[in-house]
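Okay, structure first, notes after.
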Amino acid sequence: MKSASFVLLGGALLLQVAAPSTPSPQPDAPNPDAQYQIGPDSLTRDGVPKGDVRGPFTLSSDAYPGTQHMYWVYVPAQYNPKTPASLMVLNDGQAFKNMEGDVRAPNVFDNLIYRREIPVMIAVFINPGRRPDQPEPTPSDWGDRDTNRPTEYNSLDDKYGRVIVDELLPALAKDYNIAKDPERRGIGGASSGAIAAFTVAWERPNEFRKVLSIVGSFTNLRGGHAYADIVRRTDKKPLRIYLQDGRNDNRGVGRDGKYDATRDWFLQNVTLMRALSEKGYDLNYTWGIGRHGQKQGGAIFPDMMRWLWRDHPVSTDPDDAVERAFNEPAKKGPA
């Protein structure tokens, strides 16, 4: 911007125009996600038995005809086919199992199972459905624009629950001994995968009762903002839920560029938390400073798992040497 001043010279009043000033450079705003890093529970630890990540496997879908779901199965070193294992299903599986990503769930399962902080569990990393001619989701492209992800994950109906309960669980039962008690089954995800996890448990509480939500899309993508009111007017269900979101998550910019509260991720997560609290749900929640992604969720994923599975059986017998020892790999039977 130019500035002007008047000076008196030889009795004449002259106008002086100053050269335009250069504005001071503004420092870049700090990246809020930079505050979150994964810790030792999410890294490979010396001496900790490693589970197997098996797959990928392909699951054809009757719930969404013409689509298929790719999935991987984590089998802990401590798994014994004679003993029913707990189950954790994670949507957008390619991101949760990514060993260079923000969560690295197989490492977390290895470390926490070994220390008896969560029960011995089978974990499934399942991708959104796609037609055979569509690309498989990847850690860098979760498939919103070229797979069935928006329909499956954001719709408030039981169709994706059918994929998990009626299609995936029978496929798993052919190869693994998984507990039938719904208290021993959890499901989780991030973003649209998180609301999908909530919907599965909401529609099928007799199958899944633990929900893990990272930056959940409880927003008006396909009506997800309605969940708070649905929770308030529905009898309480036997669910345990952990919500995480950040203050810099997507904050309500509508398609017309104007603020839209129904598309404010942080507002809608807080609103859902309040509704669940009012109804007396077994609820935990964490609000950070991060953006829409898995940075904070990945950093606290071990704690989220510990909290969700905090009531797995323990022995308080002081003479129980097994309980006080690390959870060593299951002994293999004769070939």
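Report, by residue number, each residue of the stretch 218-241 that is in contact with a strand residue (DSSP E or B) (Cβ under 9 Å, 6 or more places away or on another chain) and polar (S, T, N, Q).
The answer is 219, 220.
Please count how many residues of the stretch 184-210 are part of a helix (DSSP H, G or I) and either hydroxyl-bearing (Ser, Thr, Tyr) or free of Cβ contacts under 8 Å to residues at least 24 places away in the same chain (or both).
Filtering the stretch 184-210 down to residues part of a helix (DSSP H, G or I) leaves 184, 192-203.
Those left that are additionally either hydroxyl-bearing (Ser, Thr, Tyr) or free of Cβ contacts under 8 Å to residues at least 24 places away in the same chain (or both): 192, 199.
Residues in the stretch 184-210 being part of a helix (DSSP H, G or I) and either hydroxyl-bearing (Ser, Thr, Tyr) or free of Cβ contacts under 8 Å to residues at least 24 places away in the same chain (or both): 2 in total.
Collect the residues in the stretch 167-184 that are farther than 21 Å from residue 55 by Cα and charged (D, E, K, R), keeping them in residue-number order.
180, 181, 183, 184 - these are the residues of the stretch 167-184 that are farther than 21 Å from residue 55 by Cα and charged (D, E, K, R).
Select from the stretch 238-263 the residues that are of a type in the set (D, E, K, R) and surrounded by fewer than 15 Cβ atoms within 10 Å (Cβ to Cβ) and write down the one among them that is nearest to residue 295 (Cα to Cα). Write out each step before concluding.
Keep residues of the stretch 238-263 that are of a type in the set (D, E, K, R), which gives 240, 245, 247, 249, 251, 255-256, 258, 260, 263.
This time we only want the ones that are surrounded by fewer than 15 Cβ atoms within 10 Å (Cβ to Cβ), so: 247, 255-256, 258.
Working: 247: 13, 255: 26, 256: 29, 258: 27 Å.
Checked the stretch 238-263; the qualifying residue nearest to residue 295 (Cα to Cα) is 247.
Can you spot a residue in the stretch 307-328 that is under 13 Å from residue 242 (Cα atoms), modelled with pLDDT of 95 or more, assigned to a helix (DSSP H, G or I) and not polar (S, T, N, Q)?
The answer is yes, given that some residue of the stretch 307-328 is under 13 Å from residue 242 (Cα atoms), modelled with pLDDT of 95 or more, assigned to a helix (DSSP H, G or I) and not polar (S, T, N, Q).
Identify, please: which residue in the stretch 318-327 is surrounded by 10 or more Cβ atoms within 10 Å (Cβ to Cβ) and out of contact with any Gly (no Cβ under 9 Å at 6 or more places or on another chain) and is, among those, nearest to residue 89 (Cα to Cα)?
In this case the residue turns out to be 327.
Looking at this structure, is residue 207 surrounded by fewer than 20 Cβ atoms within 10 Å (Cβ to Cβ) and among the acidic types (Asp, Glu)?
Criteria met by residue 207.
Report, by residue number, each residue of the stretch 187-206 that is closer than 15 Å to residue 169 by Cα and out of contact with any Gly (no Cβ under 7 Å at 6 or more places or on another chain).
Selection gives 187, 201, 205, 206.
Name the one entry in 35, 26, 94 that is over 26 Å from residue 162 (Cα atoms) and either crowded, with 16+ Cβ neighbours inside 10 Å or modelled with pLDDT of 95 or more (or both). Quick ask: steps written out before the conclusion?
Values: 26 fails: either crowded, with 16+ Cβ neighbours inside 10 Å or modelled with pLDDT of 95 or more (or both); 94 fails: over 26 Å from residue 162 (Cα atoms).
When all the criteria are applied, what remains is 35.
Residues in the stretch 49-74 that are crowded, with 19+ Cβ neighbours inside 10 Å, assigned to a strand (DSSP E or B) and of a type in the set (Val, Ile, Thr): how many?
Total meeting the criteria: 1.
Tell me whether the stretch 117-134 contains one or more residues that are free of Cβ contacts under 8 Å to residues at least 12 places away in the same chain and at negative phi.
Yes.
When the stretch 244-281 is examined, which residues are found to be small (Gly, Ala, Ser), in contact (Cβ under 8 Å) with a residue 40 or more places away in the chain and closer than 26 Å to residue 36 by Cβ?
246, the sole residue that qualifies.
For residue 221, indicate whether it is within 19 Å of the chain's Cα centre (by Cα), among the aliphatic types (A, V, I, L, M), in a strand (DSSP E or B) and closer than 22 Å to residue 149 by Cβ. Can you show your working first?
Values: within 19 Å of the chain's Cα centre (by Cα): yes; among the aliphatic types (A, V, I, L, M): yes; in a strand (DSSP E or B): no; closer than 22 Å to residue 149 by Cβ: yes.
Considered against the rule, which asks whether it is within 19 Å of the chain's Cα centre (by Cα), among the aliphatic types (A, V, I, L, M), in a strand (DSSP E or B) and closer than 22 Å to residue 149 by Cβ, residue 221 comes out as no.
Scanning the stretch 123-179 for residues that are of a type in the set (S, T, N, Q) and assigned to a loop (DSSP other than H, G, I, E, B), which turns out surrounded by the most Cβ atoms within 10 Å (Cβ to Cβ)? Give the steps one after another, and end with the answer.
In the first step, residues of the stretch 123-179 are kept if they are of a type in the set (S, T, N, Q); the result is 127, 134, 138, 140, 147-148, 151, 154-155, 177.
Narrowing further to those that are assigned to a loop (DSSP other than H, G, I, E, B): 127, 134, 138, 140, 147-148, 155, 177.
Details: 127: 26, 134: 15, 138: 12, 140: 9, 147: 22, 148: 21, 155: 18, 177: 15.
Selected residue: 127.
The values are calculated or read from the model by the stated rules, or taken from the named source; none is laboratory data. What you see is a predicted model; the values in this text were computed from it and never measured. Because the Cβ atoms are built from the backbone with ideal geometry, glycine has one as well, and the counts that use them run over all protein chains shown.
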